[in-house]
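Every number here is computed from the coordinates shown, using simple stated rules; none is lab data. These numbers come from a predicted model, not from an experiment. Reconstructed Cβ throughout: ideal geometry from the backbone, glycine too, with neighbour counts over all protein chains shown.
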């Protein structure tokens, strides 16, 4: 602009739209004049879509203003159930499922299969109950128990397969009395053998690392408490096998919350009184129940609009799906959630939860190979010691083609004394080699002839 050149920053130029149509100079980019044409991006919301649509200004599209014709259209943005979990101010609310849950199944319940597109729900609020992960040994069933479960439990004696499990079940500073249920061989003078019926009291670990041992006291009979100190002290290595059962004489009936205060998890119990609120308590028919861990997972109380009085509890972080909130009225009182007191889990999801528990044990090591049957091992070893030449060659199935020559033409294995003895005359040797060479040549010709015939007349 003649002598009125003025330095402007790019931000100042963009703020003044009248400058965009004027040529500008930028010495850092060259001596030529520049025309700035900014590229903008329009963020738009579409009906029934969660994501915001981004439209660049370089996209050549025809746009028509339909504001007056579409005033009745309400642009609703779908939400995930996990997002509704953090929006307690909108609860209770009615919603419609736009897309059902994806991924592996969580519960075996019938109400989960009804969570599909078009189903209308009532979301009432968050549940205050915590959960307990459990399994039924021997039956292959897994459960999630609510803290509102009113059944009564009785403790079962724990079983320990080996000294390592026995040490893991010992509380810090406590003692654990067990009975040996399987004979265990000793290891010299330091580790005497254990017999079925021996009563042990585990007292704590001694040492650290690979040399750690479990201090136990063995009682020879039914001594009184004042005589227990005179028992034999044993230092058992952690890799020692055996089988032990806890001495438990507790016949008290516990509620779930009280039980977790007394029972170190994991532990085994038995349901002696089912929940009276359940028409059919699946836990009452089980001989044993293994409680794995307590879970603090948020749940939402919901119900189907056609069954507002029958509620259930949904874990949004495990069972997430998209839905659309509506302004329809909701039943003011929360529904009954008896069906969620005991939820049966799928096998896949149970092990998924088990792997996420803090301090979950590593998978057990593979079992050692079984010993060879009597009489089989020595023969195999004798065969290996003989060094049979057959074992040094590939199996016969790999040498089917070309056909083997007769046994007399096979090369024989050499022996140490072969080269020390005088061989046959040179003429006989030459004749033998010639015979072998002629046989191999005939065999090659026969093979070529067979291949040609197969190509012309396929069998």
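So if we plug the beta-carbon distance of residue 80 and residue 354 into 1/(1 + (r/R0)^6) with R0 = 25 Å, what FRET efficiency do we get, rounded to 0.05? Each step should come with its number before you reach the end.
Numbers: r = 26 Å, r/R0 = 1.04.
E between residue 80 and residue 354, to the nearest 0.05, is 0.45.
Could you put 72, 338 in order, starting from the residue whose Cβ has the fewest other Cβ atoms within 10 Å?
Numbers: 72 5, 338 17.
Fewest-to-most Cβ neighbours within 10 Å comes out as 72, 338.
Working from label points 7 Å from Cα in the Cα-to-Cβ sense, the residue 72 to residue 108 distance is 5.0 nm.
Extension gain for the segment residue 326 to residue 35, taken as residue separation times 0.36 nm less the Cα-Cα distance, is 99.8 nm to one decimal. The fewest-to-most ranking of 39, 112, 163 by surrounding Cβ atoms within 10 Å reads 39, 112, 163. Across the stretch 1-124 the C-alpha pair distances fall into 10 Å bins from zero in the proportions 9, 23, 20, 16, 13, 11, 7, 1, 0 percent.
Once R0 is set to 60 Å, what does the formula 1/(1 + (r/R0)^6) return for the Cβ-Cβ distance between residue 310 and residue 235, expressed as a FRET efficiency to the nearest 0.05? Spell out each step's value before the answer.
On the way: r = 59 Å, r/R0 = 0.99.
Here the calculated transfer efficiency is 0.50.
Using the number of other C-beta atoms within 10 angstrom as an exposure proxy, rank 272, 84 with the fewest first. Don't skip to the end; give the middle numbers.
Working: 272 13, 84 18.
Fewest to most other Cβ atoms nearby, the residues stand as 272, 84.
Can you tell me how much longer the chain between residue 265 and residue 63 gets when fully stretched, taken as 0.36 nm per residue apart minus their C-alpha distance, in nm with one decimal?
Working: separation 202, 0.36 × 202 = 72.72 nm, distance 6.44 nm.
Once the chain is fully extended between residue 265 and residue 63, it gains 66.3 nm.
Once the piece of chain linking residue 46 and residue 294 is laid out straight, how much longer is it, given 0.36 nm per residue of separation minus the C-alpha distance between them?
Working: separation 248, 0.36 × 248 = 89.28 nm, distance 4.28 nm.
Gain on extension, residue 46 to residue 294, equals 85.0 nm.
Model label sites at residue 190 and residue 53, defined 7 Å from Cα along the beta-carbon direction, differ in position by 7.7 nm. The modelled label-to-label distance between residue 203 and residue 9, using points 7 Å beyond Cα along the C-beta direction, is 7.8 nm.
From the square roots a ≥ b ≥ c of the eigenvalues of the alpha-carbon gyration tensor of the stretch 265-311, which class results: rounded (a/c under 1.5), prolate (a/b over b/c), or oblate?
Values: a/c = 4.15, a/b = 1.54, b/c = 2.70.
The shape class here is oblate.
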